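J.: Below is one structure. I have some questions about it.
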Amino acid sequence: MKKWFTVCLMALMVLVMSGCGSDNALDSYSFGHKVIKAGSSEVTVALPYDIGVQPNTSQNALGYPVTTYLGADKNFLVSIEAVTPKAGQPLPTAQAYGAEAKQFFEKSFGKSLTWAEAMKTVDGVTAFTADASLNSDKAKIRFFQYTFVDKGVLWNITYQYPIDSTMGAQISDLVVGKIQITKKEG
């Protein structure tokens, strides 16, 4: 009897120590940072997992050259666009690019969208930011957007998660807006 009690106690300890389906983001994800370079600009972004370059995304909907980085799972999505000028045409401002995104969502989802925008400083650079929720029959998501221009590159960094995902909300608290812009002299 004592032997079985010891075996059961050890099994219980193993289950407790292994996390047993923890609902804590820190236990479930490998948080880190990714350095991304485009032209002369370099940013470092906090992430819950590694992300990769998306193939076949050489230009965005407005015709600008773009490199897109993406990572997603059922709880969280991160999209980073590095947009460069097109021949003979300068980049749009961060505010103009953010307004394009807002128009797209308003046109697509109308009253299902709540949108709050502001101009904020991100690591010394002025950025257009949006904090939005989409609550329709088709989608229920929360998303954040950070758009800024640094050294001739327009960065558009978007985070989103399902509104009902507590894991997504935890991840959001740990990574959203944690952006560093590398400052190089010379």
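J.: Against the conditions (1) polar (S, T, N, Q); (2) open to solvent by 30 Å² or more (accessible area, probe 1.4 Å); (3) in a strand (DSSP E or B), where does Thr57 fall short? Just the number, please.
T.: For Thr57, the exception is condition (3).
J.: What number goes with the only condition from (1) within 29 Å of Ser28 (Cβ to Cβ); (2) of a type outside the set (Lys, Arg); (3) at pLDDT below 95 that Pro90 does not pass?
T.: (1)
J.: Of the residues that sit in segment 100-138 and are of a type in the set (A, V, I, L, M) and in contact (Cβ under 8 Å) with a residue 24 or more places away in the chain, which one is surrounded by the most Cβ atoms within 10 Å (Cβ to Cβ)?
T.: Step one: filter segment 100-138 for residues of a type in the set (A, V, I, L, M), giving 101, 113, 116, 118-119, 122, 125, 127, 130, 132, 134.
Now narrow it down to the ones that are in contact (Cβ under 8 Å) with a residue 24 or more places away in the chain: 101, 119, 122, 125, 127, 130, 132, 134.
Numbers: Ala101: 19, Met119: 12, Val122: 22, Val125: 18, Ala127: 25, Ala130: 19, Ala132: 20, Leu134: 19.
Only one residue tops the list, namely Ala127.
J.: In addition: Considering every residue within segment 74-81, establish whether at least one is open to solvent by less than 20 Å² (accessible area, probe 1.4 Å), of a type in the set (Phe, Trp, Tyr) and under 16 Å from Tyr146 (Cβ atoms).
T.: Checking segment 74-81: at least one residue is open to solvent by less than 20 Å² (accessible area, probe 1.4 Å), of a type in the set (Phe, Trp, Tyr) and under 16 Å from Tyr146 (Cβ atoms).
J.: Taking segment 139-154 only, how many residues are among the hydroxyl-bearing types (Ser, Thr, Tyr) and open to solvent by 30 Å² or more (accessible area, probe 1.4 Å)?
T.: From segment 139-154, those among the hydroxyl-bearing types (Ser, Thr, Tyr) are 146-147; that's our starting set.
Going one step further and asking which of them are open to solvent by 30 Å² or more (accessible area, probe 1.4 Å), we end up with 146.
Result for segment 139-154: 1.
J.: Still on this model: Identify, by number, the condition in (1) assigned to a strand (DSSP E or B); (2) more than 24 Å from Gly52 (Cβ to Cβ) that Glu81 doesn't meet.
T.: Exception for Glu81: condition (2).
J.: Filter segment 134-154 for residues that are in a loop (DSSP other than H, G, I, E, B) and of a type outside the set (D, E, K, R); which is modelled with the highest pLDDT? If you could, list the steps in order and put the result at the bottom.
T.: Of all residues in segment 134-154, those in a loop (DSSP other than H, G, I, E, B) come to 136-139, 151-152.
Next, only the ones that are of a type outside the set (D, E, K, R) stay: 136, 139, 152.
Values: Ser136: 82, Ala139: 80, Gly152: 94.
My answer is Gly152.
J.: Kindly indicate whether any position in segment 155-168 is open to solvent by less than 90 Å² (accessible area, probe 1.4 Å), assigned to a helix (DSSP H, G or I) and small (Gly, Ala, Ser).
T.: Let us first name the residues in segment 155-168 that are open to solvent by less than 90 Å² (accessible area, probe 1.4 Å), namely 155-163, 165, 167-168.
Retained after the next criterion (residues that are assigned to a helix (DSSP H, G or I)): 167-168.
Retained after the next criterion (residues that are small (Gly, Ala, Ser)): 168.
Looking through segment 155-168, at least one residue is open to solvent by less than 90 Å² (accessible area, probe 1.4 Å), assigned to a helix (DSSP H, G or I) and small (Gly, Ala, Ser).
J.: Then there's this: Report, by residue number, each residue of segment 84-118 that is in a strand (DSSP E or B) and either over 18 Å from the mean Cα position of the chain (by Cα) or more than 26 Å from Leu174 (Cα to Cα) (or both).
T.: Initial filter on segment 84-118 (in a strand (DSSP E or B)): 86, 89, 113-118.
Lys86, Gln89, Leu113, Thr114, listed by residue number.
J.: For Asp131, are the conditions met, namely being farther than 19 Å from Asp150 by Cβ, assigned to a loop (DSSP other than H, G, I, E, B) and touching a strand residue (DSSP E or B) at 6+ places or on another chain (Cβ under 9 Å)? Working first, answer last.
T.: Values: farther than 19 Å from Asp150 by Cβ: yes; assigned to a loop (DSSP other than H, G, I, E, B): no; touching a strand residue (DSSP E or B) at 6+ places or on another chain (Cβ under 9 Å): yes.
So Asp131 fails the test.
J.: Given the criterion surrounded by 10 or more Cβ atoms within 10 Å (Cβ to Cβ), at pLDDT below 90, more than 21 Å from the chain's Cα centre (by Cα) and aliphatic (A, V, I, L, M), identify the matching residue among Leu12, Leu26.
T.: Of the residues listed, the single one that is surrounded by 10 or more Cβ atoms within 10 Å (Cβ to Cβ), at pLDDT below 90, more than 21 Å from the chain's Cα centre (by Cα) and aliphatic (A, V, I, L, M) is Leu12.
J.: Out of curiosity, is Leu62 of a type outside the set (Lys, Arg), surrounded by fewer than 18 Cβ atoms within 10 Å (Cβ to Cβ) and in a strand (DSSP E or B)? Walk me through it before giving the result.
T.: Details: of a type outside the set (Lys, Arg): yes; surrounded by fewer than 18 Cβ atoms within 10 Å (Cβ to Cβ): yes; in a strand (DSSP E or B): no.
Here the answer is no, as Leu62 does not meet what is asked.
The values are calculated or read from the model by the stated rules, or taken from the named source; none is laboratory data. The structure displayed is predicted, hence computed values, not measured ones. Every residue, glycine among them, receives a Cβ derived from its backbone with ideal geometry; neighbour counts consider all protein chains shown. Please note that ligands, DNA and RNA were not included when accessible areas were found on the heavy atoms of the full protein model with its side chains. Shrake-Rupley method; radii C 1.70, N 1.55, O 1.52, S 1.80 Å.
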